[in-house]
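Undergrad: There's a structure below that I have some questions on.
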Amino acid sequence: MPAPSDGEGLRCGRSASVQGIVSSRVVAPYTKHVMPPPIELHLDDIVQTRKAHPCGGDTWRIVRLGAEIGLRCERCGRKVLLPRAELERRIKRFVARGPER
Ligand SMILES: [Zn+2]
């Protein structure tokens with residue numbers, strides 16, 4: 001005779017924990033529906049990113065605008081290109097604003 005109560009007990013506990021994970025993840029897509037206002041970027045703006053460059057610097061000068069944004073590390077002078085959406089996610093704050101337009 002099999003003991004169905006054991007199996008059911010396991011399944012029940014498992015599904016409960018899975019549900020907990022799923023419900024906490026569901027929140028993220030909803031917040032993404034609200035489009036954040038686009039960040040205005042100008043040449044010569046200095047921005048600080050959440051993630052520092054391997055050199056230790058975390059401030060960047062904007063040197064190129066387009067589909068991809070060109071950034072120059074203020075510490076080591078290295079240039080990188082980041083898609084605008086990626087950069088907007090990384091920007092922590094503006095350190096200095098370049099001249100308007
Ligand atoms: Zn650097």
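Undergrad: I need the phi-derived Karplus couplings for the range 67-75: 6.51 cos²θ - 1.76 cosθ + 1.60, θ = phi - 60°, integer Hz, Gly and Pro marked x.
TA: 4, 10, 9, x, 10, 10, 4, 6, 8
Undergrad: Using the Karplus curve 6.51 cos²θ - 1.76 cosθ + 1.60 with θ = phi - 60°, what ³J(HN,Hα) values do you get for each residue of the range 39-52, in whole Hz, with x for Gly and Pro?
TA: In residue order, the calculated couplings are 7, 7, 10, 10, 4, 6, 5, 10, 10, 10, 9, 5, 9, 7 Hz.
Undergrad: Output wanted: per-residue J couplings in Hz (rounded whole) for the range 88-96, from phi through Karplus 6.51 cos²θ - 1.76 cosθ + 1.60, θ = phi - 60°, x for Gly and Pro.
TA: With the stated coefficients, the range 88-96 comes to 4, 5, 8, 5, 8, 6, 8, 8, 8 Hz.
Undergrad: What's the local net charge at Ala96, with K and R +1, D and E -1, over the other residues with C-beta under 11 Å away?
TA: Numbers: positive: Arg61, Arg93, Arg97; negative: Asp44, Asp45, Glu74.
Local net charge: 0.
Undergrad: Sorting Cys73, Cys55 on the 10 Å Cβ count, fewest up front, what's the list?
TA: Cys55, Cys73
Undergrad: Would you calculate the volume per residue, in Å³, of the smallest convex hull containing every Cα atom of the range 46-96?
TA: Spelled out: Cα convex hull of the range 46-96, divided by residues, is 64 Å³.
Every number in this text was worked out from the coordinates using simple rules, so none of it is lab data. Computed from a predicted structure; not experimentally measured. Ideal geometry is used to build each Cβ from the backbone, glycine not excepted, and the neighbour counts take in all protein chains shown.
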